[in-house]
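I have placed the structure first, in the form of C-alpha cells, so that the comments after it can refer back to it.
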Amino acid sequence: MTEKSRDLDLLIIGAGPAGLSAADAAAREKLNYLVIEKGLIADTVYHYPVGLTVFSTTNELELREGTLKPCREKPTREELLNYYVRFALEENLHINTEEAATRIERAGDNAGGFIVHTSRAEYAAARVLVATGAMARPRRLDVPGEDLPKVHHRFVEAFPYVRKDALIVGGGNSAAEAALFLSEGGARTTLAIWRSDWENRDPKQGCIKHWVREPLEREMAAGHLRVLLFSEVEEIGADFVKIKTDAGASETLPNHVVFVLIGSDADLTLLRDVGVRVTRDGLADVPTYDPATYETNIRGLYVAGHFTHSRHIKEAIAVPRRIVPAIAQSLKAVQSA
Ligand SMILES: Cc1cc2nc3c(=O)[nH]c(=O)nc-3n(C[C@H](O)[C@H](O)[C@H](O)COP(=O)(O)OP(=O)(O)OC[C@H]3O[C@@H](n4cnc5c(N)ncnc54)[C@H](O)[C@@H]3O)c2cc1C
C-alpha cells in the first residue's frame, strides 16, 4: 500500500558506494535525508562472484581512511560487502532496502522540489540524488537459444559446474575471472573472446588484469582451459553451442552452461522520464550534468556514480563528498532567502 511520507532535504536513490557516500555526507551536513535501495545495501557488490578478490586497493574503496582492513593486500567480495554493511549500521545511515524508486516527479515550479514515487511510498524531497549504478541491464548476444535456462548473464560461483562443459563469452576482466574460477573449479572451460580483446594489453582500454591473465595462461598450458578466438556465437542449443571462429569456420562445441559476460547498461528510465537529457558515450548512454556540481538540466536533481563519467568506486565515493556539502549550502541559501 502506498503511504505519503515526510518531507526530506535530500532523497538518495541507490545504496551502492555512491549512495552510501552521499548518505554519510548528508548525515555530516545534518540534512534530513533518506536512501531508497531496491535491493540490499551495496547490492552490486553482493552480486560479485563469491570469493572474488576486487582489483582496487583499500584506499580507493573505503568510506573512512584506514578503516577497511582485508586479510591480504586487496579485499574479497565478502570483506568489502561486510565493510559497507558495517559502515551503514555503525553510522546508522537512513536506508530503506528492498524499495525501488519508480518515478521522480517535479513538484510545482522550476525551483527544485520533487515527489519521488517508490514501490512502497511517496516522498516529498527538496533535492534528489540518483546513484543507481550501471548494472541494471546485462548486455545480450541476441542469438537463438539465449533464453535457455542454462544461459546466464551473471557469474556467481563454479561449484555447480564441476566436470561440465562451460562456455564463457566476453572480452573483459569479468569474463576472464569467471573462466578462471570455472577452470580452477573443475569445469571443462572455453573462453570465447575476440582477438582484439585477447591481444589488448592496455589497462586504460580495459584489458584483462595481469593477475587474472597469468593464472589463466597457466590453466591453458595445463590443458584445463581453451581460449577460442571467435567472431560470433551463431546458436545456443540444449547441449551444444555453434560458434563462428576468428578464421571464419563454424565450430560446434558440446555444452552444459553458457555465461554471457559482455558488460551491462544503466537503466536511465527514471532520469529520462523526468526530463534529464541523455547523451551517448561510446557504448553507454550517460545523463548530462554539470561536471562541477553533478546537477542535471533539471534543477535540484543530481547524479553520481557508475552511470556518470566517473565509473569506478573511488570516484563513486569521492563525488558525493564534494557535491553534498554544496547541496546543503544551496538549501540553506533558499531557507534564509
Ligand atoms: C565483478 C565486478 C568487480 C568489480 N570490481 C571493481 C573494483 O575492484 N574496483 C572498482 O572501482 N569497481 C569495481 N567494479 C565496478 C563497481 O562495482 C562499480 O563501479 C560501483 O558499484 C559503482 O557504484 P555506484 O554506487 O555508482 O553503483 P552501484 O554499486 O551499482 O549501486 C547502485 C545501486 O542502486 C540500486 N538501484 C538501481 N535502481 C534503483 C531504483 N530504481 N530504486 C532504488 N535503488 C535502485 C541498485 O540496486 C544498486 O544497489 C566491479 C564490478 C563488477 C561487476
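Here are the numbers for the structure shown:
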{"read-out": "Hey, Ala266 among the aliphatic types (A, V, I, L, M), within 14 Å of the ligand (Cβ to nearest atom) and at pLDDT below 95 or not", "value": "no"}
{"read-out": "Selection within the stretch 110-149 - exposed (fewer than 15 other Cβ atoms within 10 Å of the Cβ) and free of Cβ contacts under 8 Å to residues at least 24 places away in the same chain", "value": "Asp142, Asp147, Pro149"}
{"read-out": "Residue in the stretch 193-208 that is surrounded by fewer than 14 Cβ atoms within 10 Å (Cβ to Cβ) and among the acidic types (Asp, Glu) present", "value": "yes"}
{"read-out": "Residue list for the stretch 276-314, restricted to those being over 16 Å from Ile13 (Cβ atoms), part of a loop (DSSP other than H, G, I, E, B) and touching a residue at least 40 places away in the same chain (Cβ under 8 Å)", "value": "Arg299, Arg311, His312"}
{"read-out": "Residues of the stretch 68-102 that turn out to be exposed (fewer than 14 other Cβ atoms within 10 Å of the Cβ) and over 19 Å from the mean Cα position of the chain (by Cα), as a count", "value": "8"}
{"read-out": "So Thr67, is it closer than 23 Å to Glu177 by Cβ and β-branched (Val, Ile, Thr)", "value": "no"}
{"read-out": "Residue in the stretch 9-30 that is out of contact with any Lys or Arg (no Cβ under 6 Å at 6 or more places or on another chain), more than 13 Å from the ligand (Cβ to nearest atom) and assigned to a loop (DSSP other than H, G, I, E, B) present", "value": "yes"}
{"read-out": "Qualifying positions in the stretch 80-116 - more than 10 Å from the ligand (Cβ to nearest atom), of a type in the set (A, V, I, L, M, F, W, C) and either under 13 Å from Val54 (Cα atoms) or assigned to a loop (DSSP other than H, G, I, E, B) (or both)", "value": "Leu81, Leu93, Ala107, Ala111"}
{"read-out": "Complete set of residues in the stretch 42-79 that are among the aliphatic types (A, V, I, L, M) and either within 8 Å of the ligand (Cβ to nearest atom) or over 24 Å from Leu129 (Cα atoms) (or both)", "value": "Ala42, Val45, Val50, Leu52, Val54, Leu61, Leu68"}
{"read-out": "Options Arg201, Arg213, Arg218: the member that is outside any helix (DSSP H, G or I) and not β-branched (Val, Ile, Thr)", "value": "Arg201"}
{"read-out": "Which numbered condition Gly39 fails, given (1) within 8 Å of the ligand (Cβ to nearest atom); (2) assigned to a helix (DSSP H, G or I)", "value": "(2)"}
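The values are calculated or read from the model by the stated rules, or taken from the named source; none is laboratory data. These numbers were taken from a predicted model, which means no experiment stands behind them. So basically every Cβ, Gly included, is an ideal-geometry build from the backbone, and we count neighbours across all protein chains shown.
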